[in-house]
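Below is one structure, written out as structure tokens; comments come after it.
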Amino acid sequence: MKSLRLVLGDQLTRSLSALDGMDPAQDVVFMAEVAQETTYVPHHKQKIVLILSAMRHFAEELISEGLRVHYVRLDDPANTGSFTGELARAIALHQPDRLIATEPGEWRVAQMMGEWSAQFSLPLDIREDDRFFCSRGRFARWADERKSYRMEFFYREMRRETGLLMQGDKPEGGEWNFDKENRKALPARLAPPKRQRFEPDAMTREVMALVGERFADHFGDLAPFGWAVTRAEALEALDHFISACLPLYGDYQDAIKVGEPFLYHSIISPYLNCGLLTAREVCMAAERAFRAGQAPLSAVEGFIRQILGWREYVRGIYWRHMPDYEDTNALEAHRPLPDFFWTGETRMNCIAQVVGETRQNAYAHHIQRLMITGNFALLAGLEPRAVEAWYLAVYIDAFDWVELPNTHGMVLFADGGLLASKPYAASGAYINRMSDYCGGCAYDVKEKSGAKACPFNILYWHFLIENHARLAGNPRMAMPYRTLEKMSAERRAEITREALAFLEGGDNPQKVGQFALDL
Ligand code: DLZ
Ligand code: SF4
């Protein structure tokens, strides 16, 4: 029986279930670069380079193993631009008896895939994506048993199930979570390790030329491009993280420093999410470092929790709640995304820095995404769809299944608390404590009102006022609401006036001047 085996751009793993039991004499692997995927959001140029170059390298590795690969390039004049169109051409050419796929990561693609069997009159075997620790069915069973599902409990079950960082049936070190030992402020003189860059080879340079020409209007710098595009390079990046960064990863997990876009973060999420590395091998490498005495338990536990806990949990939430999940808008946020999310042209130094680094690297670390751009989007009441499209486009590791719950649930609280127990709203004081952004800002983080006041200070209280009916009953919001209630009616009116002036005028210096006169 001849099978056509589908490998999507985020399934670049040799042990992928769709490639299981391959008959090299008959079977053909199908891979396609298609406009549908490169443009459904205006992906950062480096993100497109990573995916296409990693796809080409992966195909080459399969071919050198003696497998047959039907590979369609984006610049093939006959390319129809869609998975369905390319599959139709491949089926006509190879005349397979059946199709074999691994379940796709994205709802949109799963819907498309659901039609292929009838469309092509061929049996389609959709196999589980066993690169995840927790299958979709397994997550559904866990979630069915509870009214509210918090990550921490899910994570404990995953620890028990996998045996990662366990001593028999007890967690290593006697506790499940060591976060109280993590998250320190970064000492001024500590210099984080220099990160590896992988020089683009001829294949990557060819893709860069294609992307430069075809996606010139997409956000982000094309060069320098230093991401790993093969499994061998990704493994090297993993080794470097484990030896040079993991020991201090926990301590400085929430720190932010100007000019240090990577700090001690792993920066392996792009490789995990497109398949060059697997979650299992990454967690095992971290555990080995702990057992060998090379990294403290607090750091290793914190890192493993991100992958075994959080990453699996958000995927579970995505599949359990799509497609309705993305339509919720619990805080009824409808303001449009300001241009400065794309241009970085704003007097708010924190936003300008994060957007600038994002443009350069297609990357920002989690606390920049959550507490700078994300916090602003939450406080300003930006429309979830627009914010989500932005995150999906600009970050190299962003795929819908992981981006959507993180942005919609964690950052914007648009799911009304399904994922997070409270909105992650913070004023300028938090940003000032965790970063060195405020010193170089046109605004004053200590000012609470007037033209010089940090917009986060005004927007924070305005957010609480605007969402009083929706959030005041949340026990985890009791403290800020008590403080708000102690404020005079005049002060509250002043906050509303200044916040609306900012939100309507942007932080255009002229308008800000005008807004100061209006006060
Ligand atoms: C993100 C992406 C891009 C930019 N390009 C392609 C592509 O040309 N071909 C492909 O197979 N996959 C691409 N991807 C990743 C897909 O969007 C991803 O496989 C789906 O979202 C999974 O459901
Ligand atoms: Fe950001 Fe406010 Fe600090 Fe400026 S003062 S960098 S706007 S937090």
Can you give the relative contact order of the chain as a percent, counting alpha carbon pairs under 8 Å and 6+ residues apart? 15
Along the charge dipole of the chain, which of Ala377, Ile458, Ala140 sits closest to the positive end, that is, farthest toward it, with unit charges on the beta carbon of Lys, Arg, Asp and Glu (+1, +1, -1, -1)? Ile458
Share, in percent, of DSSP beta bridges within the chain that are antiparallel, nearest 5: 10
For the stretch 1-115, how big is the tail of P(r) above 22 Å, as a whole percent of Cα pairs? 28
If one compares the long axis through the Cα atoms of helix 279-291 with the longest principal axis of the Cα atoms of the chain, the angle in degrees, nearest 10, works out at 70
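Could you size up the charge dipole of the stretch 3-127 around its Cα centre, putting +1 on the beta carbon of Lys and Arg and -1 on that of Asp and Glu, and report it in debye to the nearest 20? Numbers along the way, then the final one.
On the way: 11 positive and 17 negative charges, 44 e Å.
In total the dipole reaches around 220 debye.
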Along the charge dipole of the stretch 60-177, pointing to its positive end and built from +1/-1 on Cβ of Lys, Arg, Asp and Glu, which listed residue (Ser82, Ala101, Met158) has its Cα farthest out? Met158
Ellipticity estimate at 222 nm from DSSP helix runs (n ≥ 4, -39,500 (n - 2.57)) divided over the chain, nearest 500: -13000 deg cm²/dmol
Expressed as an acute angle from 0 to 90° and rounded to the nearest 10, what is the orientation of the C-alpha long axis of helix 312-321 relative to the principal long axis of the chain? 90
Helix axis angle, 83-94 relative to the chain longest principal axis, alpha carbon, degrees: 10
Using the alpha carbon gyration tensor of the chain, what are the three equivalent-ellipsoid semi-axes (square root of 5 times each eigenvalue), largest first, in whole Å? 40, 26, 23
Most positive-pole-ward Cα, Ile91, Gln46, Val7, against dipole of the stretch 3-127 from beta carbon charges: Gln46
So how strong a dipole does the stretch 340-506 carry about its Cα centre when Lys and Arg Cβ are +1 and Asp and Glu Cβ are -1, to the nearest 20 debye? 580
When Rg is the radius of gyration of the Cα atoms in the stretch 340-506 and Rh is its Kirkwood radius, what does Rg/Rh come to? 0.95
Listed highest first by mean packing, meaning other Cβ atoms within 10 Å per residue, what order do 22-29, 263-270 come in? 263-270, 22-29
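Working from the pairwise distances between different alpha carbons, so that the mean of 1/r is found and then inverted, what is the stretch 179-223's Kirkwood radius in Å?
Values: mean 1/r = 0.0689 Å⁻¹.
Over the stretch 179-223, the inverse of the mean reciprocal pair distance is 14.5 Å.
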If you take the square roots of the eigenvalues of the alpha-carbon gyration tensor of the stretch 240-381 and sort them as a ≥ b ≥ c, do you get rounded (a/c under 1.5), prolate (a/b over b/c) or oblate? oblate
Interchain or sequence-distant (5+) residues whose placed amide H lies within less than 5 Å of the amide H of Ala453 are Asp444
With only alpha-carbon atoms counted, please give the Rg and Dmax of the stretch 129-278, in Å. 19.6, 56
Given a Förster distance of 22 Å, report the FRET efficiency between Ala223 and Glu345 from their Cβ-Cβ distance, rounded to the nearest 0.05. 0.50
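What does the charge dipole of the chain about its Cα centre add up to, to the nearest 20 debye, if the Cβ of each Lys and Arg holds +1 and the Cβ of each Asp and Glu holds -1?
Working: 59 positive and 70 negative charges, 298 e Å.
Charge dipole of the chain: 1440 debye, to the nearest 20.
Where a number appears in this text, it was derived from the coordinates with a stated rule and is not lab data. Everything numeric here is computed off the predicted structure, so don't read it as measured data. Heads up, the Cβs are rebuilt from the backbone with ideal geometry, glycines too, and the neighbour counts pull from every protein chain shown.
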